[in-house]
Amino acid sequence: MSDASEDMMGVITERIEDRFQMPLADLRRAVKAAPQANPEATTIVHWYGLLAETQDALEAAEDALIEALGTQPGELDDPVVELAHQVNAAVASRDGRAMVVNYLLDPDAPGKRGPAVWRGASPAARRAPALPTSSPVLPGTRDTSARGAAR
């Protein structure tokens, strides 16, 4: 694992442990034993697991690319270029999953904050229009004349 990857995974692990006040391994065991006890913890542990799997896949792709580059002098052939594309895809996937975990850990993330009255409100109440709406009132047709017409 590269130093940057270790740092990223370490920071995310630390944030999870700080949030739930327990080591990640203990949190995983608790979630496995009672997933409904804390839905937030269950979701975060799930996404962290996906992140860790993607990190492992990235490391395997990087290792394969490094090995291929070591045996490939000069111009790169299609299989080596394909390995580079796999590394790029793995990085994008890993970074996306890291963003999800970070979002889940951030209580002030967009979409999570708002007036206290909205927290705990039903989904229908949260979808209510921001402004009162009603049918438009049409002007009466009496006393209206065409533009320029004499009354």
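The values are calculated or read from the model by the stated rules, or taken from the named source; none is laboratory data. Fair warning: this is a prediction, and the values are worked out from it, not measured in the lab. Backbone-built Cβ (ideal geometry, glycine too); neighbour counts: all protein chains shown. The accessibility values were calculated without ligands, DNA or RNA, using every heavy atom of the protein model including side chains. Shrake-Rupley method; radii C 1.70, N 1.55, O 1.52, S 1.80 Å.
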Output the residue which, of all residues in segment 4-25 that are part of a helix (DSSP H, G or I) and open to solvent by 80 Å² or more (accessible area, probe 1.4 Å), is farthest from Pro107 (Cα to Cα). Glu6
Complete set of residues in segment 63-112 that are surrounded by 12 or more Cβ atoms within 10 Å (Cβ to Cβ) and not in a helix (DSSP H, G or I): Gln72, Leu76, Asp106
The condition from (1) among the polar types (S, T, N, Q); (2) under 20 Å from Tyr103 (Cα atoms); (3) modelled with pLDDT under 95 that Thr71 misses is numbered (2)
The listed residue being in contact (Cβ under 8 Å) with a residue 12 or more places away in the chain and out of contact with any helix residue (DSSP H, G or I) (no Cβ under 7 Å at 6 or more places or on another chain), out of Ala25, Ala52, Ala37, Ala64: Ala52
